[in-house]
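All remarks here apply to the structure that follows.
The values are calculated or read from the model by the stated rules, or taken from the named source; none is laboratory data. No experiment lies behind these values; they were computed from the predicted model shown. All Cβ positions, glycine included, derive from the backbone under ideal geometry; neighbour counts span all protein chains shown.
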Amino acid sequence: MRIPFRKKTVRSRVSYLASQPAPTLGWNARDQVAGMKSGYAIHLENFFPSATDVMLRKGKSDHVTGIGAQVESLMAYNTPAGTQTLFAAAGTDFYNVTSAGAVGAAVVSGLTNARWQHLNYTNSSGTSYLCCFNGTDSPRYWDNASWITITGASTPAITGLTTSDIVSAAMHKRRMWLVQKNSLKAWYLPVDAVGGAANALDLSGIAKRGGYIMAIDTWTLDAGEGIDDYWVAVTSEGEVIVYGGTDPSSGSTWVIKGVWYIGEPIGRRCLMKFGGDLLLLLVNGVWPLSKALLSAAVDPRVAITDLISPAMNLAAVSYKANFGWQLAVLPSADMLLLNVPVSEGSEQQQYVMNVLTGAWCHFTGWEGNCFELLDGELYMGGNGVVEKVWDTFTDNASSNIVGNAKTAFDYFKSQSKKSFKMARPTLMTDGTPTVEIGINVDYDNGENFGTLTFTPSSSALWGVSLWGIGLWGSGLQTLRNWIGLSGIGLCAAVRLKIASQGLEIRWQATDVLYEPGTALV
């Protein structure tokens, strides 16, 4: 019996296309990699997550050069009349670094160190002072005409304590408060004065853990009876002591509100005003004071560093003794920076948060000991130089900015194995960046990149830019080019690396092309 011949059917391989948005939720060092939500990044270096895309960070440029020592303090002088001056402390000197260019002669010399805390204060006669303290040298005041060495006999003068023991100061309800080094005494001056007889508020019987006062500041809080300002001291042993009232010499108008243990602070620059709150820089994270006093011991998730807590805690334990820890804010970029001194004077990185979304990333390549805001611009003190940051798309006019990212792993809606073939990042840029893209499968962490170099046209191209994404004929062009890659696994994470000079680059999404297999193959 004849069997009819049947042509064997050959099934063609079917490819699937999946699209992932750029990781605008930011760097997530807290969650288990296997359970991390799409939109986060396992690694996000030199990429800043905005609300709508992820941009390669901006760069830095030299502002004042030739200083000759590590710049460890930047101090802005701002008067009600609009005068704005920037001073740098480096080595044993102060310099005026307001104007760009080569540094001029020192304006103050013969100091012991360059680690100063400062305060702007206008007294009752209308004179504005920049008041600087380091706990070793006598304080230095700048009155827009000359530098004054503050002693018990100067004009103005501070009496009642040894002035060279004053390590920092704060304003609270029209009084200047002084922090004495290695002491639990806080000193206050007369109302609206930058000098005079200092009186002590002794916290020795209140701070149960001992230690010394690390910093003082004012905390603005709505406690249910209207907004009020509270006086806050943080001790070296992690206690926060809060007072309310106006006159610390009167028991009827100066009342203790409470003492809380929140954790060890890092450095003298451990407090920063942030909106209507105070941020505390602690070994266990960065905390808004309003939430720390309620939750520090029971709910670590209220720390603004919660998403990066393992990285933050490791850095704090490893580098907390290094000088350079500081919080800084750049309002024009919706950016909060935490400076992390990996090695004093030579290697620093910044943990950076988008203040609107709470998304984190981290920056490398900015070797900064300190930061200061002047006229809306952020300046950084480094090794013999003051630099302006976030004002260009190149580091120091000649160095690449290199971004490196790894997204959360994705199963692409299927628990079957997949063969990953190609990937295509969607970028908006105004030049020719070098782009490398790769893929990790099944929680691997190797760097397997393929390289692309993009060359955009002067305006958007049909079939390349998309309506609603490309800016037709504008400075930014949408680029979407495929690159081959290889990987077989159940899930995958996209790796993107970009190097550029002078270019604005915004990452919108990534398309991934793969062939499905089965759950067993």
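Where the second residue is modelled with pLDDT under 95 and not in a strand (DSSP E or B) and the first is buried (at least 24 other Cβ atoms within 10 Å of the Cβ) and lies in the stretch 367-394, which pairs have Cβ atoms under 7 Å and are six or more apart or on separate chains?
Filtered contacts from the stretch 367-394: Asn369/Gly345.
If you check Asn339, Asn284, which single one turns out to be buried (at least 18 other Cβ atoms within 10 Å of the Cβ) and either of a type in the set (A, V, I, L, M) or over 20 Å from His43 (Cα atoms) (or both)?
Exactly one of Asn339, Asn284 is buried (at least 18 other Cβ atoms within 10 Å of the Cβ) and either of a type in the set (A, V, I, L, M) or over 20 Å from His43 (Cα atoms) (or both), namely Asn284.
If a residue must be loosely packed, with under 14 Cβ neighbours inside 10 Å and modelled with pLDDT under 50, how many such residues does the stretch 425-460 contain?
Looking only at that region, the number is 3.
Checking the condition surrounded by fewer than 18 Cβ atoms within 10 Å (Cβ to Cβ) and either in contact with a strand residue (DSSP E or B) (Cβ under 6 Å, 6 or more places away or on another chain) or over 21 Å from Trp360 (Cα atoms) (or both), which residue from Gly275, Gly263, Gly258 passes?
Values: Gly275 fails: either in contact with a strand residue (DSSP E or B) (Cβ under 6 Å, 6 or more places away or on another chain) or over 21 Å from Trp360 (Cα atoms) (or both); Gly263 fails: surrounded by fewer than 18 Cβ atoms within 10 Å (Cβ to Cβ).
Criteria check complete, one pass: Gly258.
Out of the residues in the stretch 342-355 that are within 21 Å of Leu280 (Cβ to Cβ) and among the hydrophobic types (A, V, I, L, M, F, W, C), which is surrounded by the fewest Cβ atoms within 10 Å (Cβ to Cβ)?
So the first thing to find is which residues in the stretch 342-355 are within 21 Å of Leu280 (Cβ to Cβ), and the list is 348-355.
Next, only the ones that are among the hydrophobic types (A, V, I, L, M, F, W, C) stay: 352-353, 355.
Details: Val352: 27, Met353: 25, Val355: 16.
Across the stretch 342-355, the extreme among qualifying residues is Val355.
Those residues that are free of Cβ contacts under 8 Å to residues at least 40 places away in the same chain, in contact with a Phe, Trp or Tyr (Cβ under 9 Å, 6 or more places away or on another chain) and more than 19 Å from Val283 (Cα to Cα), I need them from the stretch 244-262; list them, please. Break it down into steps so the answer makes sense when it comes.
Taking the stretch 244-262 and keeping what is free of Cβ contacts under 8 Å to residues at least 40 places away in the same chain, we get 244-245, 247, 250-255, 257-258, 260, 262.
Now drop any that are not in contact with a Phe, Trp or Tyr (Cβ under 9 Å, 6 or more places away or on another chain), which leaves 244-245, 247, 254-255, 257, 262.
Gly244, Gly245, Asp247, Trp254, Val255, Lys257 - these are the residues of the stretch 244-262 that are free of Cβ contacts under 8 Å to residues at least 40 places away in the same chain, in contact with a Phe, Trp or Tyr (Cβ under 9 Å, 6 or more places away or on another chain) and more than 19 Å from Val283 (Cα to Cα).
Can you tell me which residues in the stretch 109-142 are surrounded by fewer than 18 Cβ atoms within 10 Å (Cβ to Cβ), among the hydroxyl-bearing types (Ser, Thr, Tyr) and part of a strand (DSSP E or B)?
Within the stretch 109-142, Thr122 is the sole residue that qualifies.
Take the stretch 364-383 and flag every residue that is of a type in the set (A, V, I, L, M, F, W, C) and either in contact with a Phe, Trp or Tyr (Cβ under 8 Å, 6 or more places away or on another chain) or over 16 Å from Ile401 (Cβ atoms) (or both). Spell out the reasoning first.
First, pick out the residues of the stretch 364-383 that are of a type in the set (A, V, I, L, M, F, W, C): 366, 370-371, 373-374, 378, 380.
Cys370, Phe371, Leu373, Leu374, Leu378, Met380, listed by residue number.
Here are some conditions: (1) among the small types (Gly, Ala, Ser); (2) on the phi > 0 side of the Ramachandran plot; (3) out of contact with any Phe, Trp or Tyr (no Cβ under 7 Å at 6 or more places or on another chain). Ser124 meets all but one. Which one does it not meet?
Only one criterion is unmet by Ser124, namely (2).
Out of all the residues in the stretch 340-347, is one or more at pLDDT 95 or above and within 23 Å of Gly376 (Cα to Cα)?
Yes, there is a match, as at least one residue in the stretch 340-347 is at pLDDT 95 or above and within 23 Å of Gly376 (Cα to Cα).
Picking from Trp187, Trp177, which residue would you name as being of a type in the set (Phe, Trp, Tyr), within 27 Å of Lys257 (Cβ to Cβ) and without any contact (Cβ under 8 Å) to a residue 40 or more places away in the chain? First the steps, then the outcome.
Working: Trp177 fails: without any contact (Cβ under 8 Å) to a residue 40 or more places away in the chain.
Answer to the check: Trp187.
Kindly provide the set of residues from the stretch 180-209 that are assigned to a loop (DSSP other than H, G, I, E, B) and within 24 Å of Glu239 (Cβ to Cβ), ordered by number. Before you say what the answer is, go through the steps one by one.
We begin by selecting, within the stretch 180-209, every residue assigned to a loop (DSSP other than H, G, I, E, B); these are 181-184, 189-195, 198, 203-209.
Answer for the stretch 180-209, where residues must be assigned to a loop (DSSP other than H, G, I, E, B) and within 24 Å of Glu239 (Cβ to Cβ): Lys181, Asn182, Ser183, Leu184, Ala198, Leu203, Ser204, Gly205, Ile206, Ala207, Lys208, Arg209.
How many residues does the stretch 101-131 hold that are touching a residue at least 60 places away in the same chain (Cβ under 8 Å) and small (Gly, Ala, Ser)?
The number of residues fulfilling the criteria is 1.
Could you check, for the stretch 464-474, whether at least one of its residues is at pLDDT below 95, surrounded by 15 or more Cβ atoms within 10 Å (Cβ to Cβ) and either among the small types (Gly, Ala, Ser) or touching a Leu at 6+ places or on another chain (Cβ under 8 Å) (or both)? Show your work before the answer.
Looking only at the stretch 464-474, we keep the residues that are at pLDDT below 95, and these are 464-474.
Remaining after also requiring surrounded by 15 or more Cβ atoms within 10 Å (Cβ to Cβ): 465, 470.
From the residues that got through so far, the ones that are either among the small types (Gly, Ala, Ser) or touching a Leu at 6+ places or on another chain (Cβ under 8 Å) (or both) too are 465, 470.
Yes, the stretch 464-474 contains a residue that is at pLDDT below 95, surrounded by 15 or more Cβ atoms within 10 Å (Cβ to Cβ) and either among the small types (Gly, Ala, Ser) or touching a Leu at 6+ places or on another chain (Cβ under 8 Å) (or both).
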